[in-house]
Each structure stands twice: as C-alpha cells, then as structure tokens.
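What follows is a set of notes on a single structure, which appears directly below.
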Amino acid sequence: MRTEKSKRVAPEYDPERMSNIVVAIVMASLCLGLIIWYAIRTHVKEVDTSRRVENAMAEDAVDDMLLFDNTRVGDIDVSDLTVAEAKAKVTEHLDKIFDTPFMLCVAQDKKVQTSLRELSAYWVNPEAIEEAAHLRDGRDVVASYTLDKDIELSGLDIPLEISLDKEAAMNWLQLNCSIYDIEMTGSELVTEGGITKVKLGRVGQTLNLSEAAAWLMNGGYDFVNNGESVFNLPLEALYPASVPEGYEDYPGINELVTAAEAEAAAAAEEAVTE
C-alpha cells in the first residue's frame, strides 16, 4: 500500500508583522537600559551621600573631643578645651600675630613695614591638636588613667609650626625691598687737573631673597611673638675690582690703586668720627 509523505507548508512572510516584532524588541531594550542606568545612578548617589554624612559625623565627633589638662599648643594654654575650641583659640592668637606690623631693615639701612600676613604666613599643623585628642584611643581604663596623671604632672606640649609660602614671600620682598639694592660700579682710570688716578668703583649691596624668606620662615613668628620690631634681612656686599678693567698692565697701576684705597679709607674714618 502506498502512503504519501506529509508536506509542511511554510507560512507566508508578513512584513507588517515582522516590523512590529522588531519595534517591540527595540522598545524593550531601551526600557531595560533605562532601568539599569537609573539603578546604577541611584546607587551611586546613595553611596556618596552616606559617605558625606559619615564623614561629617566623624568630624563633629573629633571636634567635640576633650583635650587633656595641662596641655599647650606652643605657649598657648588649651587645657580641658575641645578640639574645636582649642583650634579657635590658637587661630585667634595667630590672627593677632600675623597682623602685627614690624619693620624689615634692607639695603641702605632703609626700613620697610610689613606683617607676617603680607608675607603669606600660615599654620602648618592644626591636625596635631586632633592627634593629641586621640591619645586615649585603644587604651584600657587603667592605661588611660595613668596617661591622664602623667600628662597632668608633666604637661603635654603640642608643637605650633608656622611657615610662609616661600615663593609668595620672595615675590613680596623683591617688589618692596629689592628696590633699595645698591648697584655695584667698576673702578675707572681718570685724569683730573692733569693728574691720572684711579677712581674706585662703588660697592654694591643686594638682598638675598631666598635666604631672607628662609630667615622669616624660621624666625618670623618668634620675632613678632617676642615683641621685637626691626628684623634685619641678609644683605650681600658686591665688591668691584680695584684695578680698572682693561688697565691691568698700565704702568704704575698698582701704585695708583694703593693711593686711591688709602684716600677712601681716610674719608671713611673721617665720616665715622663726625
């Protein structure tokens, strides 16, 4: 008996139906992408916000921590103050010091008024107060009690470190102090009244900017805090050669130089006695 094989008839292609399917897939992909983007964005915001809150709470907790009795920052008593109160007390003291005017002695014995504030002074180590407040951390009751008693007897000295922005200080010194520098001039061979002699050059005087800024960085705070008023800056003398340039082989030049130097020394001595 002959049997006939069944035949599958392929469905007819429907362009409109396929187009709807593609649109649905694209829309579903866009919705899924938006959901994922929103979830990530929301999560990041929540993490950042929580960190800010935790940090703010931590800072508040440190500010409220009490310092030990008999505690000083430099020579400022901050005993039994909170960290925030101690910082405020030190800052108030520094504001007075930084704004106190004093004089700088520069070339030609000129005096230039300034202040540590103008020279860009700043407090280097305010965090040292927080570190002192954390000394009890990790100690048991007995160890904390012993530490309290030791500090009560011997005191706790927190260093007060003050510095300047060196580049800013040098710029200020150059603008306001270097203008009084004396330029060095060379010696000359001149003829006066038919007599040839040597006219000695002028000794120069210049401010060493880098060294001056370093001196002020290291000693400016103590200088003002001790109530002193005139700070002598480091000056360099620039001596010209006594023999005029180009006349090294001139007949009798050494005798002429010796005579000129003797005359200059006598004039200087006379000026002192007057």
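Just so it is clear, none of the values below were taken in a lab; they were calculated from the coordinates. Just so we're clear, the structure is a prediction, and the values are computed from it rather than from any experiment. All Cβ positions, even for glycine, are placed from backbone atoms using ideal geometry, and neighbour counts span all protein chains on display.
Rounded to the nearest 20 debye, the dipole size of the range 170-274 about its Cα centre is 260 debye, using +1 on the Cβ of Lys and Arg and -1 on the Cβ of Asp and Glu.
Can you figure out the FRET efficiency of Val203 with Ala88, using R₀ = 35 Å and their beta-carbon distance, to the nearest 0.05?
Details: r = 51 Å, r/R0 = 1.46.
E between Val203 and Ala88, to the nearest 0.05, is 0.10.
Based on the reciprocal of the average 1/r between different C-alpha atoms, the Kirkwood radius for the range 115-274 equals 21.4 Å.
Farthest towards the positive end of the charge dipole of the range 71-162, among the residues Ser144, Pro159, Leu119, is the Cα of Leu119, using unit charges on the Cβ of Lys, Arg, Asp and Glu.
Counting other Cβ atoms within 10 Å as a rough exposure proxy, the listed residues Thr71, Thr91 run Thr91, Thr71 from fewest neighbours to most.
Cα-based Rg of the range 67-137 per 2.2 N^0.38 Å, rounded to two decimals? Spell out each step's value before the answer.
Details: Rg = 16.4 Å, N = 71, 2.2 N^0.38 = 11.1 Å.
Taking N as the residue count of the range 67-137, the ratio is 1.48.
Ordering Val90, Val203 by the number of other Cβ atoms within 10 Å of each residue's own Cβ, fewest first, gives Val203, Val90. In terms of surrounding Cβ atoms within a 10 Å radius of their Cβ, Ile158, Ile182 rank from fewest to most as Ile182, Ile158.
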